[in-house]
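Peer 1: Below is a structure I'd like to ask you about.
What follows is calculated from the coordinates using simple rules that are stated; it is not laboratory data. Just so it is clear, the model here is predicted, and its values are computed rather than measured. Positions of Cβ are backbone-derived with ideal geometry, glycine not excepted, and every protein chain shown enters the neighbour counts.
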Ligand SMILES: Nc1ncnc2c1ncn2[C@@H]1O[C@H](COP(=O)(O)OP(=O)(O)OP(=O)(O)O)[C@@H](O)[C@H]1O
Ligand SMILES: [Mg+2]
């Protein structure tokens with residue numbers, strides 16, 4: 001029973017991070033029909049910037065709260081600029097190219113960013129200098145710490161804000177219009193390029209927050225961390241129905257839970273043959289199952305035929 | 001005559017196919033002009049070029065004595081040019097009201113937008129009842145109303161309509177054309193593209209006949225209605 005509760009808590013925490021990253025994939029897909037495979041690296045860059053700025057601010061003896069806040073803002077700002085630039089430089093020139101071209105470019109951007117990070121921050125693992133002791137709390141036999149509570153609450157706040165933005169504001173309405181019919185949106189006076197830029201910047205800001213969250217939760221940062229996280233968040237987006245915002249959030253949380261419960265019980269299920277280090281297998285098992293059984297995802301309406 | 005819109009020797013190609021072979025047309029402020037022609041004549045192509053969705057290979061495009069050639073589509077609305085596209089182009093997953101608000105995207109005057117919204121609901125009471133309904137769930141005729149009301153929300157000077165009668169029952173066609181006349185009487189300049197040549201010529205003051213990418217005839221609506229060529233080709237006489 002305690003194990004179950006513990007795995008659910010862990011799953012919700014990890015799932016909140018997946019949800020934030022999955023939103024970035026799904027927003028870009030919704031508007032461009034493009035899978036931005038570089039998105040995971042944006043998360044990694046966010047984590048790196050947050051770590052570096054946080055370290056510097058703490059060295060400069062800023063108060064912990066202020067240092068955390070400013071480093072998060074710095075990571076968001078850098079990632080927004082990065083997301084904007086990726087679209088401008090790598091994807092926009094290929095807007096009317098065959099679908100495979102931007103996909104290959106996305107993988108290229110991903111490799112460039114990884115190598116760039118390796119050059120700047122090296123190959124080693126860095127400790128994330130969180131200036132608080134994350135107090136642990138007992139909860140019905142399970143343990144949950146402050147960082148985990150903060151992750152879930154902040155993710156909820158951010159997601160509600162995003163939903164409000166997309167469904168209740170003029171810019172959000174324009175985003176939905178462009179994603180449905182770009183030519184008609186242009187006839188309404190919408191500058192499509194601007195909306196696309198805003199979409200990339202929003203997704204990247206969420207990626208920065210997610211990068212901060214995983215780093216704070218696990219305490220380490222590494223130039224390769226974006227790869228697996230990106231793949232899993234992409235899986236979450238597909239699970240929920242790519243292009244669908246609610247789907248990305250649902251898929252993220254579900255994937256977090258599946259992974260965590262799977263890792264918690266895989267030993268029992270296989271009679272000790274496989275251990276919890278097989279956790280990553282579940283995400284890809286889910287991806288394959290969704291692609292076979294329900295390619296449009298849980299909340300997706302129609303089959304996504306664009307790549 | 002002082003023209004609102006003047007098109008000179010406009011040529012458009014899709015890859016190797018020349019869809020417009022150098023057409024000339026002009027519209028004065030306040031006129032209701034129709035462009036008729038059979039399938040594939042180039043009517044939609046013409047409107048798309050005027051709206052900025054397509055770029056001509058050559059030719060002149062003057063609006064209020066200013067060239068439109070380098071004005072992108074999303075800026076032409078700001079200049080007062082609105083298009084109700086072929087197939088309506090409504091946003092199916094937005095509500096009726098959100099569609100209308102998209103029409104007012106370029107405007108910042110909140111009070112004016114609210115007034116105009118009410119005006120559309122008076123013009124199309126059917127839409128008022130359905131303002132929170134997703135536009136994709138409306139009937140074809142209702143969707144055409146959304147498309148027209150949405151275009152009017154930008155307060156256009158020049159309203160271009162691409163086959164507003166397409167796929168509609170006769171009663172609905174009558175209703176849509178009545179609305180078009182009403183909009184025209186209010187002073188909006190209209191360029192109407194139609195397959196239904198008789199209805200179009202009975203509604204418009206002047207007309208152009210487009211044939212395989214070239215203007216073959218033009219004149220007042222009465223002249224065209226009376227012309228043998230038009231009668232034979234488009235009125236089934
Ligand atoms: N995207 C395109 N690519 C290639 N050719 C096109 C394209 N769009 C239109 N054409 C061609 O250009 C010509 C004019 O097409 P257009 O759509 O302007 O005709 P139309 O007069 O609007 O016809 P309809 O009454 O059927 O709507 C046609 O021969 C059509 O096949
Ligand atoms: Mg047409």
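Peer 1: If each of residue A:294 and residue A:119 carries a label point 7 Å out from its Cα toward its Cβ, how far apart are those two points in nm?
Peer 2: Inter-label distance under the simple model: 4.5 nm.
Peer 1: Extent of the stretch B:40-153 along each principal axis, from alpha carbon coordinates, in Å, largest to smallest?
Peer 2: 46, 36, 22
Peer 1: Using alpha carbons only, how many degrees (0 to 90, rounded to 10) separate the axis of helix B:110-123 from the longest principal axis of chain B?
Peer 2: The angle comes out near 70 degrees.
Peer 1: If you take the Cα atoms of chain B, find Rg, then find the Kirkwood Rh from the mean of 1/r over all pairs, what is Rg/Rh?
Peer 2: 0.96
Peer 1: Using a 10 Å cut-off around each Cβ of peptide A:172-184, what is the average number of partner chain Cβ atoms that fall inside?
Peer 2: Partner-chain Cβ atoms within 10 Å, mean over residues of A:172-184: 5.
Peer 1: Between residue A:85 and residue A:137, what is the FRET efficiency for a Förster distance of 51 Å, r being their Cβ-Cβ separation, to the nearest 0.05?
Peer 2: Once rounded, the FRET efficiency stands at 0.75.
Peer 1: Computed on alpha carbon atoms, what radius of gyration and Dmax characterise the protein assembly as shown, expressed in Å?
Peer 2: For the protein assembly as shown, the Cα-based Rg and Dmax read 28.5, 92 Å.
Peer 1: If I model a spin label at residue A:107 and residue B:39 as a point 7 Å from the Cα along the Cα→Cβ vector, what separation in nanometres do I get?
Peer 2: For residue A:107 paired with residue B:39, the spin-label model returns 4.3 nm.
Peer 1: Classify the stretch A:89-227 from the C-alpha gyration tensor, please: rounded if a/c falls under 1.5, else prolate or oblate depending on whether a/b exceeds b/c.
Peer 2: Oblate, because a/c is 1.5 or more while a/b does not exceed b/c.
Peer 1: Next question, about the same structure. For chain B, modelled as a Gaussian network with Cα springs under 10 Å, which listed residue fluctuates most, B:63, B:208, B:105?
Peer 2: B:105
Peer 1: Something else about it: With springs only between Cα atoms under 10 Å, which of A:247, A:267, A:11 fluctuates most in a Gaussian network model of chain A?
Peer 2: Answer for the Gaussian network model of chain A: A:267.
Peer 1: Give me the distance between the Cα centres of the stretch B:198-217 and the stretch A:170-219, rounded to whole Å.
Peer 2: Centre-to-centre (Cα) distance: 44 Å.
Peer 1: Viscosity 0.692 mPa s, temperature 37 °C: give me the Stokes-Einstein translational D for the stretch A:207-307 in µm²/s, with Rh taken as the Kirkwood radius over C-alpha pairs.
Peer 2: The calculation lands on 226 µm²/s.
Peer 1: For helix B:170-185, report the angle its Cα long axis makes with the longest principal axis of the Cα atoms of chain B; keep it between 0 and 90° and round to the nearest 10°.
Peer 2: With both axes taken from Cα atoms, the answer is about 90 degrees.
Peer 1: Highest GNM mean-square fluctuation, chain A, Cα pairs closer than 10 Å: which of A:117, A:216, A:56?
Peer 2: Greatest mean-square fluctuation among the candidates belongs to A:56.
Peer 1: Going by how many other beta carbons lie within 10 Å of each one, how would you line up B:146, B:188, B:173, fewest first?
Peer 2: With the sparsest Cβ surroundings first, the list reads B:173, B:188, B:146.
Peer 1: Using the Kirkwood radius over C-alpha pairs as Rh, can you work out the diffusion coefficient of the stretch B:61-121 via Stokes-Einstein at 4 °C, viscosity 1.567 mPa s, in µm² per second?
Peer 2: 97
Peer 1: A further question follows. Between residue A:246 and residue A:73, what length comes free when the chain is fully extended (0.36 nm per residue of separation minus the Cα-Cα distance, one decimal in nm)?
Peer 2: This chain segment gains 59.7 nm when fully extended.
Peer 1: Does chain A come out rounded, prolate or oblate by the C-alpha gyration tensor, with a ≥ b ≥ c the root eigenvalues, rounded set by a/c under 1.5 and, if not, prolate when a/b is larger than b/c and oblate if not?
Peer 2: oblate
Peer 1: Between the alpha-carbon centers of the stretch A:260-294 and the stretch B:47-84, tell me the distance in whole angstrom.
Peer 2: Result: 57 Å between the Cα centres.
Peer 1: Once a ≥ b ≥ c are taken as the square roots of the eigenvalues of the Cα gyration tensor of the stretch A:1-129, is the result rounded (a/c under 1.5), prolate (a/b larger than b/c) or oblate (a/b not larger than b/c)?
Peer 2: Note, shape of the stretch A:1-129 comes out oblate.
Peer 1: Separate question: Compute the FRET efficiency between residue A:278 and residue A:301 as 1/(1 + (r/R0)^6), taking r as their Cβ-Cβ distance and R0 = 30 Å, and round to the nearest 0.05.
Peer 2: Taking R0 as 30 Å, the efficiency between residue A:278 and residue A:301 is 0.35.
Peer 1: Restricting things to alpha carbons, find the Rg to Rh ratio for the stretch A:56-111 using the Kirkwood radius for Rh.
Peer 2: Using only Cα positions, Rg/Rh for the stretch A:56-111 is 1.27.
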